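Since the structure comes first, as structure tokens, the remarks are kept for the end.
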């Protein structure tokens, strides 16, 4: 997988953890299970990972993050799961596989699970 | 959520009764390998990276002798549970410093409607507080026996 895409997916996964850590009910549940999450530590890890992303990709991701909770989305049955627009065939072709691709309709970064 | 619902997320192909790995990274890799082998999933590295990032925040080996590596990732479309067991135990950076013998790995999709994975975690963490249940799970002969112990424990 493209290195930038792998980093962005990992960052978004951490942002999901951050949302759980900042949700009072979920944070309480996790703490009760003995697995509390420290939002400050998650934010720091996200920042460190963002610095590893190519500047142009990073800025694009951060702009998307201002608009969407989910800047990176999966493609499911030929559709962007962010806006449900059709994704062109060939999106996941061998020649495209190592590129960061975006939805032509909503601009989100696409990932083929 | 009940234990019956949690059992539906497990499968014999994702049950590793004798983990070969002897360290934390190895356990995570071995369990993700089993998940990918038992499902149409193909992004092993994405799942593994998510788990490593989660463990770097704080260990999920909250004991006693049990770990719950978990998280949400785009690499899956539904919640999966992988179960691993190590009779000799593995250093999983547990909070009590003791070796970890039982591993319940939960891999959820980003949307995770209804917080299914948190509820599954809650069911499992509660059951695993019981010394007798953990001992019986370590001795269970096969997948069906393992599930039967969980069912009996919850009844």
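Read-outs throughout are calculated quantities, based only on the coordinates presented, and are distinct from any laboratory measurement. All of these numbers come straight from a predicted model, not from anything done at the bench. All Cβ positions, even for glycine, are placed from backbone atoms using ideal geometry, and neighbour counts span all protein chains on display.
For this structure, a couple of remarks:
- Chain A: calculated mean residue ellipticity at 222 nm from DSSP helix runs of at least 4, using -39500 (n - 2.57): -15500 deg cm²/dmol
- Counted over the protein assembly as shown, the DSSP beta bridges are approximately 50% antiparallel.
- Between 0 and 90°, nearest 10: helix A:55-67 axis offset from chain A longest Cα axis: 70
- Note on the protein assembly as shown: Kirkwood hydrodynamic radius from all Cα pairs is 19.3 Å, rounded to one decimal.
- To the nearest ten degrees, helix A:3-22 and the longest principal axis of the Cα atoms of chain A are 30 degrees apart.
- In this simple spin-label approximation, residue B:154 and residue B:111 carry label points 7 Å from Cα along the Cα→Cβ vector, and these lie 2.4 nm apart.
- Fewest-first ranking of A:95, B:94, using other Cβ atoms within 10 Å as the exposure measure: A:95, B:94
- Within 10 Å of each Cβ in B:3-12, the average number of Cβ atoms from other chains: 0
- Region A:3-111 - Kirkwood radius from inverse mean 1/r over Cα pairs (Å): 15.1
- With both residues required to sit in region B:3-150, DSSP beta bridges show an antiparallel share near 45%.
- Between helix A:39-50 and chain A there is an angle of about 30 degrees, using the helix long axis and the longest principal axis of the Cα atoms.
- Exposure proxy ranking, count of Cβ atoms within 10 Å, fewest first, for B:139, B:30: B:139, B:30
- Cα-only Debye scattering, region B:75-137: base-10 log of I(q)/I(0) at q = 0.21, 0.23, 0.25 Å⁻¹: -0.95, -1.05, -1.13
- Inter-centroid distance (Cα atoms) of region B:106-151 relative to region B:14-80, Å: 15
- Sorted from greatest to least, the principal axis extents spanned by the alpha carbons of region B:3-150 come out as 36, 30, 26 Å.
- Neighbouring Cβ atoms from other chains, within 10 Å of the Cβ of residues in B:25-36, number 0 on average.
- Partner chain coverage, peptide B:74-87 - average Cβ within 10 angstrom: 2
- Per-residue Cβ neighbour rank within 10 angstrom, fewest leading, A:68, A:60: A:68, A:60
- Per-residue [θ]222 nm for chain B (sum of -39500 (n - 2.57) over DSSP H runs n ≥ 4, rounded to 500): -13000 deg cm²/dmol
- Highest-fluctuation residue, B:71, B:13, B:63 considered, GNM on chain B with Cα pairs under 10 Å: B:13
- Among beta bridges that DSSP assigns inside region A:3-111, antiparallel share in %, nearest 5: 60
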